[in-house]
Amino acid sequence: MTKIKNLLFDLGGVLLNIDYNKTADAFRNLGIHQFDEMYSQSVTNSLFESLETGKISEADFYKNIYQYCYPSTTQHQLETAWNAILLNFRKESLNYLDQLQRKYSLYLLSNTNSIHSTAFHKMFNKETGKSNLDDYFIKAYYSHHIQKRKPYKETYHFVVNDAGINANETLFIDDSILNIEGAKEAGLEVYHLSADQRIEDINL
């Protein structure tokens with residue numbers, strides 16, 4: 001194997017604890033009883049994909065999802081339900097990034113959206129006292145900014161080309177097997193992080 005020079009991290013389930021069930025439960029309470037068929041770790045319908053690739057505004061997202069909810073539902077309830085997926089940051093994993101910076105070039109690639117991004121950046125500041133999550137990385141790639149998302153092969157090609165790095169010298173770490181398979185197809189080395197693992201458990 002070619003020597004690894006770069007580490008490309010996912011965010012949710014890797015550096016940030018998330019729980020899809022909490023958001024699914026919250027939306028069920030608002031009237032969307034088949035939310036799992038619309039959005040989960042393995043399923044993303046066109047509405048959520050459009051939000052995650054920055055192709056629709058927050059207002060349009062709320063307007064579209066509102067039609068599935070009880071008529072009395074407020075935008076604040078929708079936002080709270082959508083952000084329920086975000087739990088807290090893995091502080092030990094963030095501290096480990098400080099060590100890894102001495103040996104590797106670090107990058108981030110996250111499927112996210114403007115609503116979650118605002119929420120988790122505030123969460124990061126509150127939990128760590130640090131100003132910006134992105135400071136850990138040479139560059140952070142968020143799907144709603146680059147208008148591309150995992151697991152599509154072209155997303156990884158975009159990141160590699162934009163960063164000016166070689167795919168075979170880059171280890172991609174993600175908790176989703178679909179994203180891992182996409183990265184493999186794009187020529188990256190991969191590590192599938194299991195639910196009970198942390199990045200500090202990996203021998204890097």
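The values are calculated or read from the model by the stated rules, or taken from the named source; none is laboratory data. As the structure is a prediction and not an experimental result, all values here were calculated from the model. Here Cβ is always computed from backbone atoms with ideal geometry, including for glycine, and neighbour counts include all displayed protein chains.
I'd like to verify a number: residues in region 156-186 that are assigned to a helix (DSSP H, G or I) and free of Cβ contacts under 8 Å to residues at least 12 places away in the same chain, how many?
Start the filter on region 156-186 by keeping residues that are assigned to a helix (DSSP H, G or I), which leaves 156-163, 167-169, 177-185.
Now restrict to residues that are free of Cβ contacts under 8 Å to residues at least 12 places away in the same chain: 161, 184.
Adding up the residues that qualify gives 2.
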Determine which single condition residue 79 fails, assuming it passes every other condition in (1) surrounded by 14 or more Cβ atoms within 10 Å (Cβ to Cβ); (2) of a type in the set (D, E, K, R); (3) in contact with a Ser or Thr (Cβ under 8 Å, 6 or more places away or on another chain). (3)
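Can we say residue 145 is surrounded by 13 or more Cβ atoms within 10 Å (Cβ to Cβ) and not in a strand (DSSP E or B)? Write out each step before concluding.
Working: surrounded by 13 or more Cβ atoms within 10 Å (Cβ to Cβ): yes; not in a strand (DSSP E or B): yes.
Yes.
Out of the residues in region 46-75 meeting the condition of being among the polar types (S, T, N, Q) and within 16 Å of the chain's Cα centre (by Cα), tell me which one is farthest from residue 174 (Cα to Cα).
If we filter region 46-75 for residues that are among the polar types (S, T, N, Q), which is where we start, we get 46, 50, 53, 57, 64, 67, 72-75.
Now narrow it down to the ones that are within 16 Å of the chain's Cα centre (by Cα): 50, 53.
Details: 50: 22, 53: 19 Å.
Here the residue is 50.
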Close pairs (7 angstrom Cβ cut-off, 6 or more residues apart or separate chains): not assigned by TED's automatic domain parsing to the domain that holds residue 145 in region 55-80, among the aromatic types (Phe, Trp, Tyr) and part of a helix (DSSP H, G or I) anywhere: 73/66; 75/62; 78/62; 78/66
What pairs come up if the first residue lies in region 36-51 and is farther than 16 Å from residue 66 by Cβ, the second is surrounded by fewer than 17 Cβ atoms within 10 Å (Cβ to Cβ) and charged (D, E, K, R), and their beta carbons are under 7 Å apart, counting only those six or more places apart or on different chains? 43/37
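Per-residue answers, yes or no, for (1) over 16 Å from residue 111 (Cα atoms); (2) in contact with a helix residue (DSSP H, G or I) (Cβ under 7 Å, 6 or more places away or on another chain):
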{"site": "25", "(1), (2)": "yes, no"}
{"site": "34", "(1), (2)": "yes, no"}
{"site": "38", "(1), (2)": "no, yes"}
{"site": "41", "(1), (2)": "no, yes"}
{"site": "45", "(1), (2)": "no, no"}
{"site": "59", "(1), (2)": "yes, no"}
{"site": "71", "(1), (2)": "yes, no"}
Residues of region 1-56 classified as aromatic (Phe, Trp, Tyr), more than 21 Å from residue 184 (Cα to Cα) and either loosely packed, with under 15 Cβ neighbours inside 10 Å or at pLDDT 90 or above (or both), total: 3
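For region 29-54, which residues satisfy the criterion of being polar (S, T, N, Q) and not in a loop (DSSP other than H, G, I, E, B)? Can you show your working first?
At the first step, the residues of region 29-54 found to be polar (S, T, N, Q) are 29, 34, 40-42, 44-46, 50, 53.
Scanning region 29-54 gives 29, 44, 46, 50.
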Would you point out which residue out of 122, 153, 139 is surrounded by fewer than 18 Cβ atoms within 10 Å (Cβ to Cβ) and free of Cβ contacts under 8 Å to residues at least 12 places away in the same chain? 122
